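A.B. asks: Handing you this structure, nothing more for now.
The values are calculated or read from the model by the stated rules, or taken from the named source; none is laboratory data. Predicted model, so just to flag it, every value in this text is computed and none were measured. Cβ atoms come from the backbone with ideal geometry, glycine included; neighbour counts cover every protein chain shown. The protein model used for the area step is the full one, side chains on, heavy atoms only, and it has no ligands, DNA or RNA in it. Shrake-Rupley method; radii C 1.70, N 1.55, O 1.52, S 1.80 Å.
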Amino acid sequence: MVVLLVLLAVIVCTVLAIVCVSMRGTICNPGPRKSMSTLLYIRLALFLPEIVWAALGAMWVAESTQCDRIVVSAIIATVVVSWVIIGFTVVIIVVVFDPLGGKAVRYSSAGPSLAFNPEASQFVGGLRTAATSVWEKRMKLLCCCVERDDQAHMAFSSTAELFSTYFSDTDLVPSDLVAGLTLLHQQQDRIRRNQAPTEVVSHSPGPSQEDDLDAELENCRHYMPIAAAAYGWPLYIYRNPFTGLCRIGGDCCRSRTTEYDVVGGDQLHCHFGSILRMTGLQHRDFIHISFHDKGISQAAKYLYRRLVSDGILSQAFSVAPEYRLVIIGHSLGAGAAALLAFMLRGAYPHVRCYAFSPPRGLLSKSLYEHSKDFTVSLVVGKDVVPRLSVTNMEDLKKKILRLIAHCNKPKYKILLRGCWYGLFGGNPDDLPTELDGGDHSDLTLPLLGEQSLLTRKSPGYRPNDSPLGSPTKYPPLYPPGRIIHLEEEGPSGRCSCYTAQYTAKWAHESEFSEILIGGKMLTDHMPDVLIRALDRVSNQDACISCPATGGSA
C-alpha cells in the first residue's frame, strides 16, 4: 500500500505537470510546450509499475482468505478500475498516436522540387503508404464488429487512403481538429446571423414546386418508416429500449415456413419480425426479401438483376396491377435507390424515388437535373451526409486550418468555450481569433499545410477537361432529385427542454455545398430523427406551402 501511494503521488504530479504545460502557448505556437514530450514519456513509463501493482493486487485478493470482506471488496473495485483505465488508455494511444509525426509536413513543403529528387520522392511515397496503413488499422479497430470480406477490405483501404491524404500535410493532434471545428461552428453561426434575409434563399423554387410540397411531405411521412424498417432489429430495439427485445423475441426463436423469397440470411427472423412491427404490414404484403448490402452501385445493380431479370417485379404487378412502383431508401440505401430508379426508368417510366438523407457525392450535373423529374430527397437540419463530398471536405479543411492558424487563445480555452457555446449558446461575434481580413491564402506555419485533395487524379476525368494550368480535379457530384429541407426552429443544438419544431421548404442543391458544424450534424442523420421531424411538420395546424395570411385552405 505504501508503494501504491507513492506511485499514485508520482503519477498525480506528472499529470498535473502535463496539464500545466499543455495550457501554454497556442495551437500553432508549440514553443512553450516543448517539454510536453518528455512529460508524456515519463507518464508512459509509469504505466509499467502501475500495471505490475494492479496485477499484484489481483493476485493478493485472489489468495487472501483472512482479510475483512469490505477491504477485499474495496481492493477488487480498485483493481478493476485500474485495469479499465489502463485498457482505455492503451486503446486511445493506438487510435490517436501518429508514428509518422510531422515528417510528411516537412516534405510536403518542398512542393514540386520533390520531382527532381528520386530519393525524396521515394521516401514521401513510403510515408504515404505507411500513413494509409495506420489509418486502415485504426478503422479496423474502431469497426471491429464489421464483417470482414473482400468488399469490406476494399472499403477500409479506400477510406484509409482518403483520410491519410486528408491529414498527411498537417501535424495536428485530434484535439487540435476539435478546437478548429469548435471555432468554425461559432464562425458559421456568426455569418448566418449577420446574413441578410434576401441572401439566405438565393434560389427560389418555382410555383409548381410550392404547390406539391404538402403532398410530397405526406408521401415522405408515409414511406420513411418503411425505409427505416430496413435496418431491422437493431433500430427497433434502439427505438424501444425497454420493450423491443421482448416483443420480437418470439419472432427470433420461432421457426416459420415462409411464403416469400428470402436472400442473405435472417434464419432467426429477427429482422423480419421488427420490419413487420415498424411498418404495420402483413406477411402477405412481401414477395421478395433480400439482405444484400454490398455498396451503393453494387447494390443497385444486384437489385436491378433480381427485380427485372428474375421476374420479381413482373410477379408483383401480376398480383397487384393497380399499384405503382416506388423506390425508397435511407442514407447509403437512398443512394442505391436513386441509382436503381435510373435503371428501371426505361421499363417503368412512371417509377418514383424517395431518397432520405442521401449522400451528396452521387450524380453528375446532367443526371442530377434529370432526376428531378422522378426523385425527391429529404434532408433534416445540419445532417452531414447530404453535404459530404471531396470538394466540401477540402473546403472544410481549409477553413479549419485558417482558423487554427490565426487563433490567439490556448486550446483549453477554445474547448471549454466551445462546450459552453454548444450547450447554452452565446454571442457568436466573440470569436477568439485574430482575423484581420487580410489574404491568408498560404499557410506557412510548421504544423500546417494545404496539400489539396483535389489534385488526386480521378480515373473518369481526363487532364484536358480542366482549364490550362489548373490541377486535375474530381468532377463535382450532386445529390439526387428535388430536395425538401426540414429546418429546426429555435436554438438548434442548445441544451433545452423544448420539443423541436420544424419548417419545410424546397431547397437548391447549392445550400448543401458546405459542411455545417453543430451538435446535431450526426444525429440529424438518424432515421428516427427523420420520422419525428416529419411527424412534427405534418402535425402543424396550417398547411406547409400556404401563404401566411390570406387565401383559402
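A.B. asks: What are the residue pairs meeting all of these: first residue in the range 525-547, first residue within 21 Å of LEU388 (Cα to Cα), second residue modelled with pLDDT of 90 or more and assigned to a loop (DSSP other than H, G, I, E, B), Cβ atoms under 7 Å, and 6 or more apart or on different chains?
C.D. replies: HIS525/SER331; HIS525/SER357; HIS525/ASP383; HIS525/VAL384; LEU530/SER357
A.B. asks: In the range 523-539, what residues are at pLDDT 90 or above and not in a helix (DSSP H, G or I)?
C.D. replies: Of everything in the range 523-539, just one residue is at pLDDT 90 or above and not in a helix (DSSP H, G or I), namely MET526.
A.B. asks: Pick out, from the range 299-403, the helices (runs of 4 or more DSSP H) lying fully within it that include 3 or more residues that are surrounded by 21 or more Cβ atoms within 10 Å (Cβ to Cβ).
C.D. replies: Qualifying helices (runs of 4 or more DSSP H): 332-344.
A.B. asks: Something else about it: Does VAL79 satisfy the condition of being farther than 17 Å from VAL173 by Cβ, among the β-branched types (Val, Ile, Thr) and open to solvent by less than 30 Å² (accessible area, probe 1.4 Å)?
C.D. replies: For VAL79, the condition - farther than 17 Å from VAL173 by Cβ, among the β-branched types (Val, Ile, Thr) and open to solvent by less than 30 Å² (accessible area, probe 1.4 Å) - is met.
A.B. asks: When the range 26-52 is examined, which residues are found to be among the basic types (Lys, Arg) and either under 18 Å from VAL79 (Cα atoms) or surrounded by 13 or more Cβ atoms within 10 Å (Cβ to Cβ) (or both)?
C.D. replies: Residues satisfying the conditions are ARG33, ARG43.
A.B. asks: List the number of the failed condition for LEU281; all other conditions in (1) of a type in the set (A, V, I, L, M); (2) in a helix (DSSP H, G or I); (3) open to solvent by 20 Å² or more (accessible area, probe 1.4 Å) hold.
C.D. replies: With respect to (1) of a type in the set (A, V, I, L, M); (2) in a helix (DSSP H, G or I); (3) open to solvent by 20 Å² or more (accessible area, probe 1.4 Å), LEU281 is out only on (2).
A.B. asks: Here is a list: THR78, THR14. Which entry is at pLDDT 80 or above and part of a helix (DSSP H, G or I)?
C.D. replies: Answer to the check: THR14.
A.B. asks: For the subset of the range 243-255 comprising residues that are farther than 13 Å from HIS271 by Cα and open to solvent by 80 Å² or more (accessible area, probe 1.4 Å), which member is modelled with the lowest pLDDT?
C.D. replies: Restricting to residues being farther than 13 Å from HIS271 by Cα and open to solvent by 80 Å² or more (accessible area, probe 1.4 Å), the top hit is SER255.
A.B. asks: Which of the residues that make up the range 404-415 are assigned to a helix (DSSP H, G or I) and open to solvent by less than 40 Å² (accessible area, probe 1.4 Å)?
C.D. replies: If the condition is that a residue be assigned to a helix (DSSP H, G or I) and open to solvent by less than 40 Å² (accessible area, probe 1.4 Å), then ILE404, ALA405, ILE414 are the ones that fit.
A.B. asks: Right, another one. Which of (1) touching a residue at least 40 places away in the same chain (Cβ under 8 Å); (2) within 24 Å of LEU403 (Cβ to Cβ); (3) open to solvent by less than 70 Å² (accessible area, probe 1.4 Å) is the odd one out, the single condition MET23 does not satisfy?
C.D. replies: MET23 satisfies every listed condition except (3).
A.B. asks: LEU7 passes all but one of (1) under 15 Å from VAL173 (Cβ atoms); (2) of a type in the set (A, V, I, L, M); (3) touching a Pro at 6+ places or on another chain (Cβ under 7 Å); which number fails?
C.D. replies: (1)
A.B. asks: Shifting gears a bit: Can you run down the residue pairs with Cβ atoms below 7 Å, 6 or more apart or on separate chains, where the first is in the range 373-398 and under 16 Å from LEU181 (Cα atoms) and the partner is at pLDDT below 90 and not in a loop (DSSP other than H, G, I, E, B)?
C.D. replies: Sorted first by the residue in the range 373-398, then by its partner, the pairs are MET393/TYR166; MET393/LEU453; GLU394/LEU453; GLU394/LEU454; LYS397/TYR166.
A.B. asks: Just the residues that are of a type in the set (S, T, N, Q) and touching a residue at least 60 places away in the same chain (Cβ under 8 Å), please, taken from the range 293-322.
C.D. replies: Result: GLN298, single match.
A.B. asks: Given the condition of a type in the set (Asp, Glu) and either under 18 Å from the mean Cα position of the chain (by Cα) or at positive phi (or both), answer yes or no: does some residue in the range 373-390 qualify?
C.D. replies: Yes: the range 373-390 contains one or more residues that are of a type in the set (Asp, Glu) and either under 18 Å from the mean Cα position of the chain (by Cα) or at positive phi (or both).
A.B. asks: Now for a separate question. Considering only residues that are over 16 Å from ALA337 (Cβ atoms) and of a type in the set (Asp, Glu), which ones fall in the range 216-235?
C.D. replies: Within the range 216-235, GLU218 is the sole residue that qualifies.
A.B. asks: Within the range 223-242, how many residues are open to solvent by 60 Å² or more (accessible area, probe 1.4 Å) and not in a helix (DSSP H, G or I)?
C.D. replies: Residues meeting the conditions: 4.
A.B. asks: Between a residue in the range 323-336 that is in contact (Cβ under 8 Å) with a residue 60 or more places away in the chain and more than 15 Å from SER290 (Cα to Cα) and any residue that is β-branched (Val, Ile, Thr) and not in a strand (DSSP E or B), which pairs come within a Cβ distance under 8 Å, given they are 6 or more apart or on different chains?
C.D. replies: From the range 323-336, the pairs are VAL326/VAL351; SER331/VAL385; GLY335/ILE296.
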